[in-house]
Amino acid sequence: MKPISRFWHATLSLWRSLRHVLAAMLVFANGLMISLSVWGNTDNLIALFHIKSFSNIDWASAANGPWLLLGIFLMLNAIGLLYRARIAWAVSIMLLLIILAFTWHFYPDLTVHLNLCGAALVLLLLLSQDFNCSSATAGGIVAFISFVVLLFYSTYGALYFGEGFHPAINNLMDAFYFSMVTMTTVGYGDITPISEAARMFTVSVIVAGITVFATSLTTVFGPIIKGGLDKLVKGNPKPMNRKNHFIVCGTSILAISTIAQLKSRGEDVTVLTSSPEEDFPAIEQKTGCKLDILSGDCTDNTLLQTAGIEQCKAILALTNDDALNAFIVLSVKDSSPDTKTVLSVNDAKNMNKVKQVKPDVMLSPQLFGSEILASVLSGEPLDNDKLVSLLLTSGHGLFDKH
């Protein structure tokens, strides 16, 4: 039974780690089938890449061009799915819905296309939690590609279905104008679709515009606009003078209380946290004061240098994770061996393991509280020396060591 159980667990683990790849392959297959199908097989496709003058192009030779671009767009999105990009997942869902609707309406006999598209949609929806990466760089790249391809798709499609509009669209400028007006859902009404195919195409551009166009602009230009507004409202931030200060890693209850106590005594404190910048106001609200906060990996030497590790009085590893606290101390010793370190142990059973990193002071609030409670209940006397010995495993203050 054990070999079967191990095999089953290994299979489940492999499925969890590779199922997003299967989803990406299905999306890529959909795009490839569209590109190789009747929709993408133009009579003179090669000639489209030898354009001498846009004004002399016979746009009728670009038959089925929008569908070809749609297929290419899907294949590009499949690359984003391999990296679990959330924006690639959302765009793929939208494109597959458009393709499914068009195929069902105009080509119901293409059962292979319908089944493959439906399978990809179902798998993406079931695995929605797997696509949770939202890197600003990756999101910006995908958003930019999405916007450019959508612009080509809508402009090219407007030319392709040109006779289905009133007045007819027969030049590049009119097609571009109609695309921008439709994607932004402005809709002046000067150019209207009159044929069924043109109306269906317009619906696809509206849906794509709401999702891709808006998302792309928000992703690419949002941070720029936000940064400009922040400078306008708050002014240029003054550089922090991080010297003779304490660095507190984490936002645990112990960390928040320690920060508040240090600030009440007039000490400068820099807080390192893995929380995003949006959570900074909540952290400041808990401490009741304005803080110097940096977001990132507390074990990263670059972040520690930015926090002023070489000029600080001490660095306090006060997260809720004992292993992370130990790694923080090790990173500090590697980056700045002379910096004083304080480490908290949340689980008393980890005490002996954490001792191996040799912090200057090691605190265990859990062990300290249980020792005090046991002493009080048993009637043992408590003096200052015993309390210090219980609280600080080193038995000395932070700056008594030479």
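The values are calculated or read from the model by the stated rules, or taken from the named source; none is laboratory data. As the structure is a computational prediction, the values presented were derived from the model and not from experiment. All Cβ positions, glycine included, derive from the backbone under ideal geometry; neighbour counts span all protein chains shown. What goes into the accessible areas is simple: the full protein's heavy atoms, side chains included, and nothing from ligands, DNA or RNA. Shrake-Rupley method; radii C 1.70, N 1.55, O 1.52, S 1.80 Å.
Of everything in the stretch 255-294, what is among the acidic types (D, E) and in contact (Cβ under 8 Å) with a residue 12 or more places away in the chain? Give them in sequence order. Scanning the stretch 255-294 gives E267, D268, E277, D292.
The one condition from (1) modelled with pLDDT of 80 or more; (2) open to solvent by 50 Å² or more (accessible area, probe 1.4 Å) that F106 does not meet is (1). Inside the stretch 272-303, residues that are more than 23 Å from the chain's Cα centre (by Cα) and not basic (K, R) make up a count of 7. Counting only residues that are open to solvent by less than 20 Å² (accessible area, probe 1.4 Å) and of a type outside the set (S, T, N, Q), the stretch 340-350 holds 3 of them. The residues listed here are S128, S146, S179; of these, the one that is among the hydroxyl-bearing types (S, T, Y), crowded, with 19+ Cβ neighbours inside 10 Å and at pLDDT 80 or above is S179.
Contact annotation: residue pairs with Cβ atoms under 9 Å, 6 or more positions apart or on different chains, pairing a residue in the stretch 70-97 that is assigned to a helix (DSSP H, G or I) with a partner that is surrounded by fewer than 24 Cβ atoms within 10 Å (Cβ to Cβ) and among the acidic types (D, E), are W89/D130. Among the conditions (1) at pLDDT 75 or above; (2) farther than 18 Å from G250 by Cβ, the only one that S389 does not satisfy is (1).
Screening the stretch 266-337 for helices (runs of 4 or more DSSP H) wholly inside it with 3 or more residues that are open to solvent by less than 10 Å² (accessible area, probe 1.4 Å) and of a type in the set (V, I, T) returns the ranges 322-335.
Taken over the stretch 163-207, the residue count meeting the criterion of being assigned to a helix (DSSP H, G or I) and over 18 Å from F102 (Cα atoms) is 13.
Taking (1) modelled with pLDDT of 80 or more; (2) surrounded by 19 or more Cβ atoms within 10 Å (Cβ to Cβ) in turn, G71 satisfies each apart from (1).
All of A260, A255 fail the test of being surrounded by 19 or more Cβ atoms within 10 Å (Cβ to Cβ) and modelled with pLDDT of 90 or more, apart from A255.
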